[in-house]
Every structure is written in structure tokens, then in C-alpha cells.
């Protein structure tokens with residue numbers, strides 16, 4: 001065998017959005033080759049020492065300690081350890097519908113799969129936390145998943161190509177309002193979330209979206225209210241409270257102003273006999 005591996009199999013986790021499969025350390029001997037092979041899952045490889053090459057999509061990357069790379073599913077790849085200074089690395093294999101977005105948030109894409117390790121000590125701490133979390137089989141894999149998310153959070157926070165969900169303050173504010181509108185937030189809260197003074201935020205948001213932030217927030221609430229009116233039996237008061245209006249009268253006024261009829265009539269017009 002031209003390599004030595006310390007591998008840990010992750011406990012099965014019911015979470016389909018993200019699951020760890022296995023993780024561990026591998027020390028390769030001179031010239032060790034893996035592949036060409038196709039993985040079904042995502043994999044992250046962090047090089048701790050030595051050198052090697054990673055080839056995928058017709059491109060070869062010459063890598064050394066302090067770098068890392070991602071292997072993507074359904075992509076043929078080949079890894080080769082250096083003849084004189086073979087590499088030793090940590091690997092983590094995972095999959096799930098949330099995996100692509102998680103990697104993208106860290107700036108890791110199939111076109112740019114290589115990225116730097118900014119803090120080797122922190123990485124080793126995170127890997128040790130994974131190993132400790134994996135020992136606890138009573139958490140159904142969620143403890144291990146939490147440790148992995150903490151590691152990815154550190155990576156996202158330090159990676160120079162990190163891509164937030166919104167790339168501009170206005171986009172981030174819009175996403176904040178779309179996620180938090182049921183909880184009584186205000187335009188001032190959205191401005192504070194992106195670190196802008198309220199009046200400047202108002203002008204910037206209106207200029208970029210051709211919609212004021214207050215109207216955008218109201219439309220988020222009314223759109224959800226329409227869905228609840230059509231698809232649930234909740235009362236108008238329950239719906240008003242659930243989408244972030246401070247009372248049913250305020251909700252009704254806003255609804256009539258936008259749609260021309262009160263919520264109760266709108267619900268009737270959308271009912272089975274309409």
C-alpha cells in the first residue's frame with residue numbers, strides 16, 4: 001500500500017440537507033496516485049505537509065502545504081503525491097442539497113476548486129473537534145454536523161473570495177427583510193443590519209430597486225398574507241400577527257391600499273367556489 005490512512009466513518013444523520021460521510025488523515029508515499037476516479041460526494045482536502053497535484057476538468061493544479069482543494073461529485077479526477085516530498089492531508093467527505101451553497105459561500109467552485117489555508121492551527125483544532133464529536137453516537141450525527149459547520153464558518157469568514165448571499169448592501173438588506181418580516185422588524189433594523197445610516201440606506205435602496213425599503217417590507221408581508229389567506233383557515237387577525245403587522249386594522253388598511261379589497265373579500269374570491 002502506497003499510503004497510510006486514519007479514517008473515521010460518520011454516524012448516519014437524518015438531515016438530508018448536509019451529511020458527513022467520512023473524514024480523517026492520509027499520509028501518501030512517494031508518487032502515490034489516486035484515480036482517475038469519480039466520487040458521488042463532495043470532498044475537501046487540506047494539505048498539511050508535502051506536495052502533490054490535483055487534476056480535474058482538464059486542468060492540473062500543483063499544490064503544497066498551506067493549500068486546500070475541493071473535489072466535486074460526478075467529476076473524474078486524479079491526485080498524485082510528489083515523488084520527493086509526498087503530501088499528508090486531512091480529508092472530509094460530505095453530501096447533501098445544501099453542500100453547493102455552503103461551498104459557494106466560501107468562494108469554492110468547480111472552476112476555482114483550490115483555496116488557501118489561512119490558519120493551520122485553527123484547522124487542526126476544527127478537525128480534532130470533528131473527531132471528538134464523532135465519538136458521540138447519541139446525537140444521530142448532528143453533533144458532528146455542528147462541528148463541521150463551525151469549521152466551514154471559519155473558512156467562510158477568512159476566505160478572501162467569500163461570497164455572501166447578497167453582494168451589495170441593498171441585496172443583503174432585501175434578503176434580511178424577506179427572511180425576518182414576520183418578526184416585527186423595521187426599515188431601521190434593515191439599515192443597521194447592513195451598517196448604513198437610515199436616510200442614506202433609504203435613498204440607496206430606492207435607487208437600486210425602484211422601490212422604497214418600507215414598501216418592499218410591506219410587500220413581503222402582504223405576499224405571505226395572500227398565501228395564508230388562500231391556503232389556510234387562519235383568521236385575519238392571526239394572519240396579520242403572523243406576517244408582522246402590529247394589529248389587524250393596520251393589516252387591513254395596507255391590504256386594501258395594495259389590492260383594492262379587504263383581506264376577507266380577497267380570500268372569498270380565491271376560494272374553491274370563486
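The values are calculated or read from the model by the stated rules, or taken from the named source; none is laboratory data. What you see is a predicted model, and the numbers here were worked out from it, not measured in a lab. Glycine gets a Cβ as well: all are built from the backbone with ideal geometry, and neighbour counts include every protein chain shown.
Annotations
Residue-by-condition table, conditions (1) within 24 Å of the chain's Cα centre (by Cα); (2) closer than 21 Å to residue 67 by Cα; (3) at pLDDT below 85:
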residue	(1), (2), (3)
2	no, no, yes
11	yes, no, yes
15	yes, no, no
20	yes, no, no
37	no, no, no
43	yes, yes, no
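- Taken across region 135-153, residues that are at positive phi and surrounded by 14 or more Cβ atoms within 10 Å (Cβ to Cβ) do occur, with at least one present.
- Scanning region 191-200 for any residue that is surrounded by 14 or more Cβ atoms within 10 Å (Cβ to Cβ), touching a residue at least 40 places away in the same chain (Cβ under 8 Å) and either part of a helix (DSSP H, G or I) or touching a helix residue (DSSP H, G or I) at 6+ places or on another chain (Cβ under 6 Å) (or both) turns up nothing.
- Sole residue being without any contact (Cβ under 8 Å) to a residue 12 or more places away in the chain, within 18 Å of residue 112 (Cα to Cα) and either surrounded by 14 or more Cβ atoms within 10 Å (Cβ to Cβ) or assigned by TED's automatic domain parsing to the domain that holds residue 112 (or both), chosen from 58, 52: 58
- Condition check for residue 99: modelled with pLDDT under 95, touching a helix residue (DSSP H, G or I) at 6+ places or on another chain (Cβ under 6 Å) and buried (at least 16 other Cβ atoms within 10 Å of the Cβ): no
- Total residues in region 129-145, condition free of Cβ contacts under 8 Å to residues at least 40 places away in the same chain and either within 19 Å of residue 156 (Cα to Cα) or outside any helix (DSSP H, G or I) (or both): 3
- Remark: residue 94 matches the filter, which requires a residue to be at pLDDT 85 or above, in a strand (DSSP E or B), under 19 Å from residue 41 (Cβ atoms) and under 17 Å from the mean Cα position of the chain (by Cα).
- Residue list for region 212-249, restricted to those being assigned to a loop (DSSP other than H, G, I, E, B), surrounded by 13 or more Cβ atoms within 10 Å (Cβ to Cβ) and without any contact (Cβ under 8 Å) to a residue 40 or more places away in the chain: 212, 234, 245
- Some residue of region 99-106 being under 15 Å from residue 21 (Cα atoms), in the same structural domain as residue 36 (by TED's automatic domain parsing) and either outside any helix (DSSP H, G or I) or touching a strand residue (DSSP E or B) at 6+ places or on another chain (Cβ under 7 Å) (or both): yes
- Residue within region 74-87 that is closer than 16 Å to residue 120 by Cβ and out of contact with any helix residue (DSSP H, G or I) (no Cβ under 7 Å at 6 or more places or on another chain) present: yes
- All told, residue 183 meets the bar of being touching a residue at least 24 places away in the same chain (Cβ under 8 Å) and more than 26 Å from residue 107 (Cβ to Cβ).
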